[in-house]
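Here's the structure we're looking at; comments come further down.
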Amino acid sequence: MGKGGEAKPEPGALKRRIERHPRLEPIPKVLYEDAATNVPSTPYYDALNRRVDEIVAKARAVAKEPEIHILVAGDGALVYPNRIVWLPWVMGAVAGYLCTTAPSLRAFLWMLPAMYLGYDFYSGVLHVALDDPKNMQGVKSYILFQGCLEFQWHHAIPYDGASKPFIACCADLNIIVLILMVLNCGLLGYTSGTRAALTGLKLFFAYFGQYCHRAAHTPKSKRPQWVQFLQSTGFMTPQAKHNGHHRPPHDENFCLIGKMDPAVNGLIKLCGTNDWVWFGLWLGLSCCDVALVHRGLACVAPGLFP
Ligand SMILES: [Zn+2]
Ligand SMILES: [Zn+2]
């Protein structure tokens, strides 16, 4: 059919299509308008995105005003995009190399509990920022939008991590891991010695945190005995405790490994929940946590950490 024969769109139809909910205005559309270019090709992502569509449709059917993460998914944001699942292996190899540059085996053994706690605290601070819908808007959204979207949807679909392979959970961290690696090894120059080894350990504990969180959403029958044991001792976050975080208002127990929950809970009581405070805290920790852990270790065991 020639151009002249094409049916003209019904007046107002185009406007209706591009009209956004007024509450979406502070969220830059550019952050997700090309979401369709990263459509997942794996069955676990497809299933999760279908579940998102069902929840969005259900929310539209009821009169109640939906939460912002539901509105933005209804507006076209892709909650579960494709991720490169071989990248965690590459990052793991880099982190493994960095760990081998530790000054001594004894020093490395000291670093293990220090970074176990250090990363857990970091994960809690980041989680507080990502659970805050205000970080999906304005300037901060250029950094945090996708993370916020996924964390806030995780409250609605708690089994998302447990429904995909563990390597895909590690791949969820690809972008932040790449940025922190460039920051620590490139800009801050931590390529060998104590700080480099702590950087490598931070990455391994980040993947361990993903494992702990995934295990907290895995049915007991599918959790290995050793995982159940570590959960019962609190070395990995126990399921019942993490389930508490999933009940609104989602205001405590943010740490993914779980040991530092009392510290982050206390900090929330002390500082409140201002989005800029937690964003600043996360940025500050991203730049300084390795150096802070190094200083702490050097105070506790002088001479062991040059
Ligand atoms: Zn949360
Ligand atoms: Zn969870």
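Summary of computed values
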{"quantity": "Residue in the range 183-192 that is surrounded by 18 or more Cβ atoms within 10 Å (Cβ to Cβ), more than 16 Å from ligand 2 (Cβ to nearest atom), not basic (K, R) and not in a helix (DSSP H, G or I) present", "calculated": "yes"}
{"quantity": "Given (1) assigned to a helix (DSSP H, G or I); (2) in contact (Cβ under 8 Å) with a residue 12 or more places away in the chain; (3) over 15 Å from F254 (Cβ atoms), number of the condition H155 does not satisfy", "calculated": "(3)"}
{"quantity": "Boolean, V227 is at pLDDT 95 or above, of a type in the set (V, I, T), within 13 Å of ligand 1 (Cβ to nearest atom) and within 27 Å of P262 (Cα to Cα)", "calculated": "no"}
{"quantity": "Complete set of residues in the range 148-169 that are at pLDDT 95 or above, away from ligand 2 (no atom under 12 Å from the Cβ) and within 19 Å of H242 (Cα to Cα)", "calculated": "C148, F166"}
{"quantity": "Considering residues of the range 212-239 that are in a helix (DSSP H, G or I) and among the β-branched types (V, I, T) only, the residue nearest to ligand 2 (Cβ to nearest atom)", "calculated": "V227"}
{"quantity": "Index of the failed condition, I176 passing every other in (1) within 13 Å of the chain's Cα centre (by Cα); (2) of a type in the set (V, I, T); (3) under 24 Å from R247 (Cα atoms)", "calculated": "(3)"}
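The values are calculated or read from the model by the stated rules, or taken from the named source; none is laboratory data. Treat the numbers as computed from the prediction; the structure is a model and nothing was measured. Methodologically, a virtual Cβ is constructed for each residue, glycine included, from the backbone with ideal geometry; neighbour enumeration extends over all protein chains shown.
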